[in-house]
Amino acid sequence: MTLDALAAELGKPEKRELQSLRRRLDELKSSGQVHINRAGEYCLSEKLDLVAGTVSAHRDGFGFLIPDNGSVDVYLSEAEMRSLLDGDRVVVRVTSQGRGGRCSGTVVEILTRARTSVVGRYQREHGIGWVIGSGRSAHHFIVPDRYRSGAQPGQLVKLEIMEYPAPSREAQGKIIRVLGEPTDPRVLTEAAIEMFNLPSAWPAAVTKAAHHFGADVGDGEGAGRTDLRKLPLVTIDGEDARDFDDAVYAEPAGEGWRLIVAIADVSHYIRKSDPIDVEARRRGTSVYFPDRVVPMLPEALSNELCSLKPQVDRLCMVCEMQIDRRGGVTGAKFYRAVMHSHARLTYNQVDAMHRGADPAGYAHIRRLGPVIENLYGVYKALAIARVRRGALDLDLPEVRIELDESGAISGVASRLRNDAHRLIEECMIAANVEAARYLGRHRIATLYRVHNGPEGDKLEELRLLFQSLGVPMPDTARTRPREINRGLQALRDRPDFPMLATAVLRSMTQAVYQPVNNGHFGLALTAYAHFTSPIRRYPDLLVHRAIGHLLDGGKPGAFSYDGPAMEQLGKNTSMQERRADEATRYVDARCKCLFMQHRVGEVLDGVVTGVTHFGLFVMLRELFVDGLIHVSNLPNDYYHLEPGGLGLKGERTGRLFSLGEDLRVRVARVDPEEAKIDLALESQPAAAGQAGSRKASRPGKKRH
């Protein structure tokens, strides 16, 4: 129907009502629910076999439409993708359906463009300049000389799109920022910030508001709070930590311990909808790169006033718990307090003190020995409870990029975890659980940290992997992590256990924030929320506000957030977390390639950590870097993927390359731009190993 016909059907609305109708129809058109045909008539998209959704581009030129209605993905050919960028919202007409239900489609209309700028490498040849966009949409953007902005061939740049790609023309743009040489890790970070749209500059209003608080807790700010300044609370973090969210203290009490987890009271300073809150909500999380941190809060707060620095007064929100000998929490309460951290300790210091090491440099903290031992007593009890409830025990190594003083890559190292790391982890988990229980009892709108178990094909692949190793996995593993953990324990003595643990991790769905509590599968918990890091995670700040509202005597229904608002905040913060992960992976992968560029031709020891139909992923043991042996670099044969992805087997020779197998490889080629390291098989022992992983997690606090 035309607009006039529709208006007549509705009883000839007045002019203002007609304008409102037109706006609503425009909204429906923008969302892809209606379509305007050549006759200017509004049509329901579903009646025209049209599907609206988001484009997911593939590096090889083709792509898929991810439908809004959750139906099967629609294949888009290279010709259809010529006009599209990754993330564009479009309407397509389904033209055919192949085997397995896979549909193909043609683009009918582009609803909205995903981006107005791209990051890529500037190239120039025969007097013509262009930028090849990074990421999955590898379009060429022609850059007229007058819009070159002094960029030199090979440099990474940010380009503003002037003309989008079309079937009959190349896209065009102008360079608005020259980032620099792609061999500089700092430039890679700048590229990631631009590429993933990470907010990094502070609005003037935010900077002004942050400095308004000053550098110290005011004389009257502790009024009405519990005074914990004489209690020897301590922070325990990594050597390079700059913001200290949490402090801990434990002492014997009754048949167990009194455990205090004090968290920076960010909610005291940042109120809903003030300039800092608006910016923190836009960022969602701090993002950690090898050369810097892009913080969620201004440094005047994150590294100073809110940070629980030693020997200064700080405001905090406290979770005080009574822990019994079996790790059960027999009582818990929340309150606001003022504290005075007695020491800034590192994981290695605490571990050394617990093991009896007493170098001269520890003399100033030797007096804290009893506090440390009490914390270890709490940790051992909480660890018992963790085993009893069947939480997944993966404990994977952390890999970090090391930079020298000039900012160049000096190495890639594995960061070993000790019991001091696990001590803090268990204390934080306990406080997070109590926060979730407290808010759940009061039925107040909040965000839970929800982690679902493996589903569908991923669970079947995991079961096949375990069964091939002689460890059965029952159907109940879908809802009971204990069953998966039992299988892991049976395989823990294998030399390739880290690869198996990573395979388990990959089978899991990603944890999200949402207002509906569905529990945390990996931790085997019925309720879990993020309470312990409000400096660097926005959901924690929301949890603090909810707890503060209840402490002030507020009714749940009078809280300034309701269910729908929390649902939207949960979607946003989950998306921001994924964005941060993608940005850090982008930089880490390219930094590892830069580190390996000078090792081309070297022969190194590796282990097979992943198997696909096109080759073997191998981790170089001493360097903690992954590369690929393509099937074309294996002994001449036709190779087939074994069931469960456990190996590649040669059709003629019967040679099996298995997960976990030790290989001697040569670094054949390194491509930092594509983040690819090609390896060639040099030799291998006669015996084959079993299982593996491709990537290690990046350093930083555990996020659960």
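Quick check on my filter: what residues within segment 461-481 are within 25 Å of the chain's Cα centre (by Cα) and surrounded by fewer than 19 Cβ atoms within 10 Å (Cβ to Cβ)?
Result: E461, R478, T479, R480.
In segment 110-135, how many are of a type in the set (D, E, K, R) and without any contact (Cβ under 8 Å) to a residue 12 or more places away in the chain?
1
Within the group S71, S83, which residue is among the small types (G, A, S), crowded, with 17+ Cβ neighbours inside 10 Å and in a loop (DSSP other than H, G, I, E, B)? Write out each step before concluding.
Details: S71 fails: crowded, with 17+ Cβ neighbours inside 10 Å.
Exactly one of S71, S83 is among the small types (G, A, S), crowded, with 17+ Cβ neighbours inside 10 Å and in a loop (DSSP other than H, G, I, E, B), namely S83.
Count, please, the residues in segment 519-547 that happen to be among the aromatic types (F, W, Y), part of a loop (DSSP other than H, G, I, E, B) and out of contact with any strand residue (DSSP E or B) (no Cβ under 6 Å at 6 or more places or on another chain). Outline the logic, then answer.
Applying the first criterion (among the aromatic types (F, W, Y)) to segment 519-547 yields 521, 528, 531, 538.
Then keep just the ones that are part of a loop (DSSP other than H, G, I, E, B); that gives 521, 528, 531.
Those still in the list that are out of contact with any strand residue (DSSP E or B) (no Cβ under 6 Å at 6 or more places or on another chain) too: 531.
Total meeting the criteria: 1.
Just checking, does segment 71-91 include any residue being hydrophobic (A, V, I, L, M, F, W, C), touching an Asp or Glu at 6+ places or on another chain (Cβ under 8 Å) and touching a residue at least 12 places away in the same chain (Cβ under 8 Å)?
Applying the first criterion (hydrophobic (A, V, I, L, M, F, W, C)) to segment 71-91 yields 72, 74, 76, 79, 81, 84-85, 90-91.
Okay, now just the ones that are also touching an Asp or Glu at 6+ places or on another chain (Cβ under 8 Å), so 90-91.
Then keep just the ones that are touching a residue at least 12 places away in the same chain (Cβ under 8 Å); that gives 90-91.
Yes.
Just checking, which of A511, A529, A524 is in contact (Cβ under 8 Å) with a residue 40 or more places away in the chain and more than 16 Å from L569 (Cβ to Cβ)? Don't jump to the end; show me each part of the working.
Working: A511 fails: more than 16 Å from L569 (Cβ to Cβ); A529 fails: more than 16 Å from L569 (Cβ to Cβ).
Just one listed residue meets the conditions, A524.
Within segment 1-12, identify whether any single residue is closer than 28 Å to R102 by Cβ and in a loop (DSSP other than H, G, I, E, B), and answer yes or no.
As a first pass, look at segment 1-12 and keep what is closer than 28 Å to R102 by Cβ: none.
No, that holds for no residue.
For L297, which of the numbered conditions (1) outside any strand (DSSP E or B); (2) surrounded by fewer than 23 Cβ atoms within 10 Å (Cβ to Cβ) fails to hold?
It is condition (2) that L297 fails.
Tell me the residue from V516, V504 that is among the β-branched types (V, I, T) and surrounded by 19 or more Cβ atoms within 10 Å (Cβ to Cβ), please. Steps first, answer last, please.
Numbers: V516 fails: surrounded by 19 or more Cβ atoms within 10 Å (Cβ to Cβ).
Of the residues listed, the single one that is among the β-branched types (V, I, T) and surrounded by 19 or more Cβ atoms within 10 Å (Cβ to Cβ) is V504.
Looking only at segment 37-47, decide whether some residue is under 18 Å from R113 (Cα atoms) and modelled with pLDDT under 85.
Of all residues in segment 37-47, those under 18 Å from R113 (Cα atoms) come to none.
Within segment 37-47, not a single residue is under 18 Å from R113 (Cα atoms) and modelled with pLDDT under 85.
Quick one: in segment 352-371, of everything that is in contact (Cβ under 8 Å) with a residue 40 or more places away in the chain and buried (at least 19 other Cβ atoms within 10 Å of the Cβ), which residue is nearest to S267 (Cα to Cα)?
For segment 352-371, the residue satisfying everything is V371.
Working carefully through the options G327, G369, find the one that is at pLDDT 95 or above, within 21 Å of G256 (Cβ to Cβ) and not in a strand (DSSP E or B). Step through it out loud before you land on a result.
Numbers: G369 fails: at pLDDT 95 or above.
Within the list G327, G369, the selection yields G327.
Tally up the residues in segment 47-68 that are in a helix (DSSP H, G or I) and surrounded by 14 or more Cβ atoms within 10 Å (Cβ to Cβ), please.
Step one: of segment 47-68, the residues in a helix (DSSP H, G or I) are 47-48.
Of the ones still in play, those that are also surrounded by 14 or more Cβ atoms within 10 Å (Cβ to Cβ) are 48.
Adding up the residues that qualify gives 1.
If the requirement is being outside the structural domain of R169 (by TED's automatic domain parsing), on the phi < 0 side of the Ramachandran plot and in contact with a His (Cβ under 8 Å, 6 or more places away or on another chain), which of these qualifies: L25, L76, L48, L65?
On the way: L25 fails: in contact with a His (Cβ under 8 Å, 6 or more places away or on another chain); L76 fails: in contact with a His (Cβ under 8 Å, 6 or more places away or on another chain); L65 fails: in contact with a His (Cβ under 8 Å, 6 or more places away or on another chain).
Only one candidate qualifies: L48.
Looking only at segment 403-421, decide whether some residue is within 22 Å of the chain's Cα centre (by Cα), assigned by TED's automatic domain parsing to the domain that holds M575 and assigned to a helix (DSSP H, G or I).
Among the residues of segment 403-421, at least one is within 22 Å of the chain's Cα centre (by Cα), assigned by TED's automatic domain parsing to the domain that holds M575 and assigned to a helix (DSSP H, G or I), which makes the answer yes.
Determine which single condition D493 fails, assuming it passes every other condition in (1) more than 26 Å from T612 (Cβ to Cβ); (2) in a helix (DSSP H, G or I).
(2)
The values are calculated or read from the model by the stated rules, or taken from the named source; none is laboratory data. This structure is a prediction, so every number in the text was calculated from the model and none was measured. Heads up, the Cβs are rebuilt from the backbone with ideal geometry, glycines too, and the neighbour counts pull from every protein chain shown.
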